[in-house]
Every structure is written in structure tokens, then in C-alpha cells.
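Novice: I have a structure here, written as C-alpha cells, and I will follow up with some questions on it.
Read the figures in this text as sums done on the coordinates, not as results from a lab. Values in this document were obtained by computation on a predicted structure and should not be read as measured data. FYI the Cβ positions are ideal-geometry reconstructions off the backbone, even for glycines, and counts take in every protein chain you see.
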Amino acid sequence: MAKMRHITLLRHAKSSWEDTSLKDFDRPLAPRGVGDILIMAKEMNERITPDIIISSRARRTTLTALGVNEILNSALLYDDRLYEASMTDMFQVIGELDDSLQSIMIVGHNPTLHDFIEFITNQRFKKIPTCSATILTTSASSWREISNQNTKLKEFLSPKMFR
């Protein structure tokens, strides 16, 4: 039997809307977001350590990825396609990964993450809150082969569960 691969989809931590002159791309994290990163990094570290973290370059996702990686110590890669990503972009980013990787994390944005999670798990989620982590398993032998036929929800974690 093939070894299961893991995909963790992490929505960026809560961002600040304080400075209305900033572009969406440049919004920083709110104080609650910074605290949630530490909570979630500790929880994820007890469950799974990704071989690589792939993040959008938006400031809030970059800060989220850097924050969780202080505990997870994974390789870190940025991909411009993850900001305002389509479903096709998500599948391309994942499908281009080296098949030697067994566990990956993507740090991204809604509505893309919400839509992708619902599609890939064939399940409905009322909400994918900021800094929540959706851990999936897939039996796909290659990252190019992931689909909603071979990928299942393993665990859903949100900061509210641990505050």
C-alpha cells in the first residue's frame, strides 16, 4: 500500500484593517492574529510537520508562514499564484511539487482555500476562520494525481478550539 501524503491548508492569521491606505496585499496582522499563529503552530507541530510550506507573498500570509515556521522548521517557498488563486492555480501549485515530498502546507486566502477544501473533501464547511488549519490525507502516488476521489479530511483545527 502506498504511503499517505499530507496536505495542510492554513488560512492566514487575522489581519489588521487599521490603516485603510494600505492595499489588500500589504495588510499586516492584527494582534489577535499574531497570538493565533503561536497557538496553531504548537498544535500543528504535535500532529504533522510539513516537508515544505508554500505561501502567498501577501504580507499577512508571509507573516503567518514565517510565524508557524519558527516552530515547524520546514523549508519555505513563496508562490505568487497563491494570492487571488483560482482552483486551477491551487492544483498547479500542488501538482508541480516534487513527489519525494510526503507532507506539504499551503498558507493562503479565502475564498480560494474554502472552495478548494470543500471541493477536495466533498464536504461543506460553514466557515474557514483565519489561522485555521485543514489537514488532509491523500492516497495519490503523485502530487499531480490528487483529486476529490483520493483525498480525505483528517482534521480541522481552528484557534478558537485552543484559546
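Novice: Cα axis of helix 31-47 to longest principal axis of the chain: angle in degrees, 0 to 90, nearest 10?
Specialist: 20 degrees
Novice: Separation of region 8-49 and region 91-108 by C-alpha centroid, Å?
Specialist: 21 Å
Novice: Now a separate question. When semi-axes √(5λ) of the Cα gyration tensor in Å is calculated directly from the model, which label among (1) 20, 19, 17; (2) 24, 17, 15; (3) 50, 20, 12 fits?
Specialist: From the options (1) 20, 19, 17; (2) 24, 17, 15; (3) 50, 20, 12, the structure gives (2).
Novice: For ILE106, ILE135, which order do you get if you count the other beta carbons within 10 Å of each Cβ and list the fewest first?
Specialist: Numbers: ILE106 27, ILE135 20.
Neighbour counts put them in this order, fewest first: ILE135, ILE106.
Novice: Only counting other Cβ atoms within 10 Å, I'd like PHE119, PHE91 sorted with the fewest neighbours first.
Specialist: Values: PHE119 15, PHE91 18.
Listing PHE119, PHE91 from fewest to most nearby Cβ atoms yields PHE119, PHE91.
Novice: Right, another one. Setting aside same-chain residues fewer than 8 positions from LYS152, which lysines have a Cα under 29 Å from its Cα?
Specialist: LYS3, LYS14, LYS42, LYS126, LYS127, LYS160
Novice: Could you tell me which of rounded, prolate or oblate describes region 67-163, using a ≥ b ≥ c as the square roots of the eigenvalues of the alpha-carbon gyration tensor, with rounded for a/c under 1.5 and, failing that, prolate when a/b is larger than b/c and oblate otherwise?
Specialist: Details: a/c = 1.35, a/b = 1.13, b/c = 1.20.
Rounded is the answer for region 67-163, as its axis ratio a/c remains below 1.5.
Novice: Residue by residue, what Karplus-based ³J(HN,Hα) values in Hz, rounded to whole numbers, does region 148-158 have, using 6.51, -1.76 and 1.60 with θ = phi - 60° and x for Gly and Pro?
Specialist: 7, 8, 10, 10, 10, 6, 9, 7, 10, 10, 10
Novice: Check ARG27: other-chain or 5+ apart residues with amide H under 5 Å from its amide H, H built from backbone geometry?
Specialist: ARG59, ARG60
Novice: What are the ³J(HN,Hα) couplings of region 88-104, residue after residue, when phi is run through the Karplus curve with 6.51, -1.76, 1.60 and θ = phi - 60°? Round to Hz, x for glycine and proline.
Specialist: 4, 4, 4, 5, 5, 4, 5, x, 7, 6, 5, 5, 6, 6, 9, 9, 10
Novice: Near the amide H of THR8, under 5 Å away, which other amide H atoms are found, from residues 5 or more places off or on another chain, if H is placed in the peptide plane?
Specialist: Those qualifying (amide H under 5 Å, at least 5 residues apart or on another chain) are ILE104, MET105, ILE106, LEU136.
Novice: Tell me, what ³J(HN,Hα) does each residue in region 78-83 have, in order and in whole Hz, if you take phi through Karplus 6.51 cos²θ - 1.76 cosθ + 1.60 with θ = phi - 60° and put x for Gly and Pro?
Specialist: Taking θ as phi minus 60°, the curve returns 10, 9, 4, 5, 7, 8 Hz for region 78-83.
Novice: Using modelled backbone amide H atoms (1.01 Å from N, in-plane), which distant-in-sequence or interchain residues come within less than 5 Å of ALA140's amide H?
Specialist: When sequence neighbours closer than 5 places are left aside, the close amide H contacts are ARG5.
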